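To start, the structure under review is shown below, and the notes come after it.
The values are calculated or read from the model by the stated rules, or taken from the named source; none is laboratory data. Computed from a predicted model, the values in this text were never measured in an experiment. Virtual Cβ from ideal backbone geometry, glycine too; neighbours counted across all protein chains shown. Please note that ligands, DNA and RNA were not included when accessible areas were found on the heavy atoms of the full protein model with its side chains. Shrake-Rupley method; radii C 1.70, N 1.55, O 1.52, S 1.80 Å.
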Amino acid sequence: MSLVPQNTAGLIFDCDGTLVDSLPMYREGWITALEDSLRQNVPLEWFHGHGGMSEHMVLDIIEEKLGRGVDREGIINQARTGMLQQLHVLREITVVADIARQYHGRLPMAVASNGSRQIVSACLRHLGLERLFDAIITIDDVQNPKPAPDMFLLAAGRLTLEPHACLVFEDSREGMMAATRAGMKHIDVNTLLG
């Protein structure tokens, strides 16, 4: 039985944690950047639970916890540089990537990610997945990150589809909330992982 209902006109995929297993790469880049900037150890487990958040959402949490501002631009730049140096540890999430391969050329498809264009494009290109998609929407393209619906609505617009005709593949609470707010059906990819 297909996961994709027959009345689906287009597919929209999150990137991190959905198409690609980028957690090791993100964790290494972010923890190094935070430790260098904050001059204190950041426990590895701190990173869990922040996967679906944009860079600035993560920094909002850090500033609130510290009770002070941080060098956001410096941390983000260092984290991105560190992540790009870790591309060799990146792996696709095959059960989801195979769905994209199966529907390539059959349905219009987009990526909609809270990640930056620089990182999302590098990840997809590195794994040979970029060519599968008709549009790639990132945090750089919208005012409001997930859980706002903006990213998914823009993706549907770029695919020239009505939101209700799109099916979203997501792994994060923020992403699933954004899909619902956009009026789209979604599949929690965590239920596909063995």
Which one of 137, 99, 61 has the biggest mean-square fluctuation once the chain is modelled by GNM with Cα springs under 10 Å?
-> 61
Can you tell which of 95, 6, 79 lies farthest toward the positive end of the dipole of region 1-128, using +1 and -1 charges on the Cβ of basic and acidic side chains (Lys, Arg; Asp, Glu)?
-> 6
Computed for region 141-194: size of charge dipole around the Cα centre, +1 on C-beta of each Lys and Arg, -1 on C-beta of each Asp and Glu, debye to nearest 20, value 80 debye
Rounded to a whole %, the carbon-and-sulfur portion of the accessible area of region 62-147 at a 1.4 Å probe is 45 percent
Which one is right for this structure if volume of the Cα convex hull per residue in Å³ is calculated from it: [x] 111; [y] 128; [z] 120?
-> [x]
Which value in nm describes the separation of the simple spin-label points at residue 60 and residue 4, placed 7 Å from the Cα toward the beta carbon?
-> 3.4 nm
Can you pull the Rg over Rh of region 58-121, Cα-only, Kirkwood?
-> 1.13
Taking H placed 1.01 Å from N in the peptide plane, check which residues at least 5 places from residue 138 or on another chain put their amide H under 5 Å from its amide H.
-> 113
Debye, to nearest 20: dipole size of the chain, +1 on Lys, Arg Cβ, -1 on Asp, Glu Cβ | 340 debye
When the chain is treated as a GNM, springs tying every alpha-carbon pair under 10 Å, which of 136, 62, 119 comes out with the largest mean-square fluctuation?
-> 62
DSSP loop trypsin sites (Lys or Arg not before Pro) with at most 16 other Cβ within 10 Å: longest gap in the chain = 107-194
Report, by chain and number, residues whose modeled amide H sits under 5 Å from the one on residue 12, excluding near sequence neighbours (fewer than 5 apart, same chain).
-> 110, 167, 168, 169
